[in-house]
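I have placed the structure first, in the form of structure tokens, so that the comments after it can refer back to it.
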Amino acid sequence: MNRKAPAAKETRPDRAEVLLPLRDRGEKVPVTQRVPLGVMVKPWGTRGEQTVHLYNKASDLLERVDAVFVSGEQFEVRSVGVRSARWVGKRYVILLEGIDSIEDAEALRGLELSVSEDLLPELDEEDEYYVRDLLGLAVTDAAGMPLGTLDDVFSTAGSDVYVIRGEAGECLIPATDEFVLDVDLQARTMRVHRLEL
């Protein structure tokens, strides 16, 4: 999951506030219980659709929900209905309720989309984890020497790669059984086999 979105023009919070009014302050879900899915990048077409930079390109969660949380800098989080969400070629496109033109979509650039964590599907395998649960784990090598903190995860053709940052710099570890020896979410630790260069 790469949460670094492409550069986008600045959001127009004043215009976005009008387009997506805050209906009920009780609709807020604490940030710790929201799962970020992506960020709106730019309009697509002329009918209000918006291209989305998905943090996890394999996720189809936006296609299975009726509403999402929309939030951003100087833009208080609110729930907004989803009219449609789909892949169009290599672009992921979403249409939110109340957004009907290219000008409307333009005002939403840079706003983040998230859902309540209770909408996440159950994981099938015992050794499967959500990236959000792994970020921040203290990572050691097989001998117990500290390597740093799991700071980011990105996908490659073969597998995900864990980015560990510590005092000695950055370390990349493939997210495979060969390199990840064990994960303890309760203790917030991970033990890995270092790549020998």
Tell me yes or no: at least one residue of the range 168-190 is surrounded by fewer than 12 Cβ atoms within 10 Å (Cβ to Cβ), acidic (Asp, Glu) and more than 27 Å from Ala58 (Cβ to Cβ). no
Could you tell me which residue of the range 41-63 is farthest from Val131 (Cα to Cα), considering only residues that are in a loop (DSSP other than H, G, I, E, B) and under 14 Å from the mean Cα position of the chain (by Cα)? Asp60
May I ask you to verify whether Met145 is more than 30 Å from Leu19 (Cβ to Cβ), open to solvent by less than 30 Å² (accessible area, probe 1.4 Å) and without any contact (Cβ under 8 Å) to a residue 60 or more places away in the chain? no
Name the single residue, out of those in the range 46-63 being small (Gly, Ala, Ser) and over 18 Å from Ile102 (Cα atoms), that is surrounded by the most Cβ atoms within 10 Å (Cβ to Cβ). Ser59
Test: residue in the range 158-167 that is basic (Lys, Arg), farther than 23 Å from Gln33 by Cα and open to solvent by 50 Å² or more (accessible area, probe 1.4 Å): yes
Scanning the range 85-128 residue by residue, those free of Cβ contacts under 8 Å to residues at least 60 places away in the same chain and under 19 Å from Ala16 (Cα atoms) turn out to be Val93, Ile94, Leu95, Glu97, Asp100, Ser101, Ile102, Glu103
Can you tell me which of Arg47, Arg64 is touching a strand residue (DSSP E or B) at 6+ places or on another chain (Cβ under 8 Å) and either modelled with pLDDT under 90 or not small (Gly, Ala, Ser) (or both)? Arg47
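The values are calculated or read from the model by the stated rules, or taken from the named source; none is laboratory data. It should be emphasised that the depicted structure is a prediction, and the values quoted were computed from it without experimental measurement. Note: ideal-geometry Cβ built from the backbone for every residue, glycine included; neighbour counts use all protein chains shown. Calculation scope for accessible area: heavy atoms of the full protein, side chains included, ligands and nucleic acids excluded. Shrake-Rupley method; radii C 1.70, N 1.55, O 1.52, S 1.80 Å.
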